[in-house]
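**Q** Sharing a structure below in structure tokens format, with a few things to ask.
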Amino acid sequence: MKNTLRNIFHSPKFVIGFIIFFGLLAFTLIYPFFVAADPLDMVGQGNFFKPGTYVSVQDTVDAKYYTLNIQAKSSNLGDHIEEKDKQDMRDWLLNYGEVSQEELDAADDNALVVLWLEHYDEKAKQKGLLASKKKAYVRLNKEIVKLASDADLIIAVENEDGELEESKSVDSKQYVNTKDIANQRKLVLGTDNFGRDVLTELVQATKVSLKIGLIAGTVATLIGLMLGLLSGYIGGLFDNIIIFITNLFTVIPSFVLLILITYSVGQNARGVTLIAAVIGLTSWTWTCRSVRSQVISLRNRDHVNLSKLSGHSMIRIVLTDILPYVASYVVMAFILQISSGILAEAQLSMLGLGPSTTSTATLGQMMNWATMYSAHLNGSWWAYFPVVLVITLIAFSLNLMNTGLDQVFNPQLRD
Amino acid sequence: MSDAKKAACLQGKGVTKVFGFGDKKTVAVDHVDFDFREGEIISIVGESGSGKTTLSKMLLGLISVSEGEVLFQGSPRDIRGGRKKKEYWKNIQAIFQDPFSSYNMFNKIDSVLLDCINMRGGKNLPYEEKFKMMSEACSFVNLEFKELTNKYPFELSGGQMQRLMIARIFLLKPKILLADEPTSMIDACSRSTILDMLLKLRDEINMTVIFITHDIGLAYYISDQVYIMEHGKFVEHGPAEDCIIHPKAEYTKRLINDVPKIYEEWDLSTV
């Protein structure tokens, strides 16, 4: 036993799968200790906010100011002037401001503003310019001067008499330390269509999906194992009946069955456990078949005969002389069943047949919502890509663990 | 030592085993009659595929008899139902061909021997008593129980495993022991030890040993009675001296010729 475990943990494939899987699991377990918010709490009043840190505007105004000489305004001056206005400025400077073409070509947005402030004069001779155009230049000049000036913003508050009263002024050299702002929230993966924090939702959805996979895998493995052991060991008519039922379940496409069952159960009754149980009930057949075939080859072994001769009961023989020999296979089948259970849930939820949506999110449902609100069309990658990544990682790690176990238990496969 | 003096132990009348049906029908054992007497070593000799193991499994009650009947101690044996089978298995036990697959590799050796004590009704004995019994059984087969306790079967050699199987028989003390090629997977040195132990079982406990083998030399060395089996039928049977020194059936002659001889030219033409 100890040796087997050591062998398993020397298989690199198994170890990588194990680390990925339990890393994900640990993250889902630890995350709620740091972020206590309700995963389905609608934080944003709108669809698909970008990932980033969000700070309250009001708190920014109230926070303590530091005066720093960072040319914040001039560094983005150009963004505030429209392209058409920039062209007008270049025209005026070339024709009436005595600025050479080379100088203009070399100037970027900020240099252009500097040149404008130096050379523009509304009383200069502007031959051939319409009066309306002249006035337009005057208005443009005012705007640019206002933009470039370090004039204070005045924050006015309504007083008791209903009049505005200056309470504070903010100038462009004043900065706020983000640590001083009381209300800020880091939305690492932004928000989804309902304005929910995607990361928090994702963590909970992963947990729910793993739970579904675990329940579905356990149900499927238990049913398959039990029927496989009994039909293989007892044989005869009982075996024929069981294998008939198994074949029946194998030929009926289990996904269609799954859709029909979940649909007929109804939206309100569809809980997480029910969905998991339904998935488990439709996917036990392959476990049953392969366990049965292994048991048939085992039941004629000498150690089983010896156990019979020692007067052991059937249940004891099955549990002590047959089950341990198929255990390694059953463990591998169980791991695959977990993975396929998670995928089946995602498929069902994508079709809108997942667990009822009011209290929990699952990975499949998050993808369903993202599709319905066309996140893929408006470029909101954060609403679906992390979900796809998590599903892929789970399935990948479980399959890797399965392959690793396979190589340990069937040494012929080792390369 | 005439047959009349010895009590009947296991007899068969027209015992047959058929596998499958229709086109795939295989007759493994074909209407065999036998009469095994108490306190004898009976060899069943035949080449592979002649139905020896099938017959032994039928005698053990592990598979059903298609036709004919088996008499145990003079009366038809009744092994329908788990309880009756359990009773029957107190009287008949087996050693199998492959010691490596005879053990459940997940259980410790102690459990194999403890099962035997439990089966003999010693379930409630104090552990010291059980330990003494197990040590006695192990010393019967020249093993040291103290060295074996808490070990797993795969930590033993093939010879040790097979000797432990005999220790198990010693603890159970059944009336009949079915030894299904107990020496074929074991090296020649351990072979004679095992055979000696089978002889010891007969002499000390008056056990009937049914010794199944493909090696007619071994059969001659050990048996009182020999049954030669070909294609599911007994072609010849009788005391070992008669059968092997003066064979009547062609098949027996061929089997005897197949045994390599050390100081003679070996005629391979019939092999």
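**Q** Here's a check for you: in segment A:284-306, which residue that is of a type in the set (A, V, I, L, M, F, W, C) and under 12 Å from B:Asn104 (Cα atoms) is farthest from the other protein chains (Cβ to nearest Cβ)?
**A** A:Leu298
**Q** Among the numbered conditions (1) more than 30 Å from B:Leu62 (Cβ to Cβ); (2) crowded, with 17+ Cβ neighbours inside 10 Å, tell me where A:Ser307 comes up short.
**A** (1)
**Q** So, in segment A:307-327, of the ones that are touching a helix residue (DSSP H, G or I) at 6+ places or on another chain (Cβ under 6 Å) and closer than 29 Å to A:Leu405 by Cβ, which residue ends up nearest to the other protein chains (Cβ to nearest Cβ)?
**A** Per the criteria, the residue is A:Asp321.
**Q** Something else now. Would you be able to tell me the number of residues in segment A:63-86 that are assigned to a helix (DSSP H, G or I), surrounded by 10 or more Cβ atoms within 10 Å (Cβ to Cβ) and at pLDDT 80 or above?
**A** Total meeting the criteria: 2.
**Q** Could you please let me know if A:Asp38 is outside any helix (DSSP H, G or I) and of a type in the set (Asp, Glu)?
**A** Yes.
**Q** Run B:Tyr221 past the list (1) free of Cβ contacts under 8 Å to residues at least 60 places away in the same chain; (2) in contact with a Ser or Thr (Cβ under 8 Å, 6 or more places away or on another chain); (3) among the hydroxyl-bearing types (Ser, Thr, Tyr) and report the number of the one that doesn't hold.
**A** All conditions pass for B:Tyr221, except number (2).
**Q** Same structure again: Just name the residue that is farthest from B:Leu201 (Cα to Cα) out of those in segment B:83-138 that are crowded, with 22+ Cβ neighbours inside 10 Å, small (Gly, Ala, Ser) and within 11 Å of chain A (Cβ to nearest Cβ).
**A** Once the filter is applied, the top-ranked residue is B:Ser102.
**Q** Further question on the same structure: Just give me the residues in segment B:82-100 being part of a helix (DSSP H, G or I) and over 14 Å from B:Leu164 (Cβ atoms), in sequence order.
**A** Answer for segment B:82-100, where residues must be part of a helix (DSSP H, G or I) and over 14 Å from B:Leu164 (Cβ atoms): B:Gly82, B:Arg83, B:Lys84, B:Lys85, B:Lys86, B:Glu87, B:Tyr88, B:Trp89.
**Q** Among (1) surrounded by fewer than 21 Cβ atoms within 10 Å (Cβ to Cβ); (2) of a type in the set (A, V, I, L, M); (3) in a helix (DSSP H, G or I), which single condition is A:Ile342 missing?
**A** (1)
**Q** If you don't mind, there's one more thing I want to ask. What is the one condition in (1) under 15 Å from A:Ile223 (Cα atoms); (2) within 14 Å of chain B (Cβ to nearest Cβ); (3) polar (S, T, N, Q) that A:Gln337 does not satisfy?
**A** Among (1) under 15 Å from A:Ile223 (Cα atoms); (2) within 14 Å of chain B (Cβ to nearest Cβ); (3) polar (S, T, N, Q), A:Gln337 violates only (2).
**Q** Against the condition within 15 Å of the chain's Cα centre (by Cα), surrounded by 15 or more Cβ atoms within 10 Å (Cβ to Cβ) and not charged (D, E, K, R), how does A:Leu353 come out, does it pass?
**A** no
**Q** Which numbered condition in (1) in a helix (DSSP H, G or I); (2) among the hydrophobic types (A, V, I, L, M, F, W, C); (3) within 12 Å of chain A (Cβ to nearest Cβ) is the only one that B:Leu55 fails?
**A** Only one criterion is unmet by B:Leu55, namely (3).
**Q** Would segment A:353-360 turn up any residue that is in a helix (DSSP H, G or I) and either within 14 Å of chain B (Cβ to nearest Cβ) or out of contact with any Asp or Glu (no Cβ under 6 Å at 6 or more places or on another chain) (or both)?
**A** No, the conditions are met nowhere in segment A:353-360.
**Q** Looking at segment B:17-42 only, could you name the residues that are without any contact (Cβ under 8 Å) to a residue 24 or more places away in the chain and in a strand (DSSP E or B)?
**A** Within segment B:17-42, B:Phe19, B:Thr26 meet the criteria.
**Q** Next question, about the same structure. Is it the case that segment A:268-283 has a residue that's within 14 Å of chain B (Cβ to nearest Cβ) and among the charged types (D, E, K, R)?
**A** Within segment A:268-283, none of the residues are within 14 Å of chain B (Cβ to nearest Cβ) and among the charged types (D, E, K, R).
**Q** Among the numbered criteria (1) surrounded by fewer than 23 Cβ atoms within 10 Å (Cβ to Cβ); (2) in contact (Cβ under 8 Å) with a residue 60 or more places away in the chain, which single criterion is violated by A:Ile212?
**A** Failing condition for A:Ile212: (1).
**Q** Let me ask something additional. Pick out the one residue from A:Leu202, A:Leu214 that is in contact with a Pro (Cβ under 7 Å, 6 or more places away or on another chain) and under 30 Å from A:Leu274 (Cβ atoms).
**A** Answer to the check: A:Leu202.
**Q** Listed residues A:Val408, A:Val390; which is among the hydrophobic types (A, V, I, L, M, F, W, C), assigned to a helix (DSSP H, G or I) and modelled with pLDDT of 90 or more?
**A** Only one candidate passes the filter, namely A:Val390.
**Q** Also, quick follow-up: Can A:Asn177 be described as at pLDDT 80 or above and loosely packed, with under 14 Cβ neighbours inside 10 Å?
**A** In short, yes.
**Q** Across segment B:58-82, what is the number of residues that are touching a residue at least 12 places away in the same chain (Cβ under 8 Å) and facing chain A (nearest Cβ under 10 Å)?
**A** Result for segment B:58-82: 3.
**Q** Here is a further query. From the list A:Leu225, A:Leu258, exactly one residue is surrounded by 18 or more Cβ atoms within 10 Å (Cβ to Cβ) and either within 20 Å of A:Gly364 (Cα to Cα) or touching a strand residue (DSSP E or B) at 6+ places or on another chain (Cβ under 6 Å) (or both). Which is it?
**A** A:Leu258
The values are calculated or read from the model by the stated rules, or taken from the named source; none is laboratory data. Keep in mind that this is a model prediction, so the values were computed, not measured. Backbone-built Cβ (ideal geometry, glycine too); neighbour counts: all protein chains shown.
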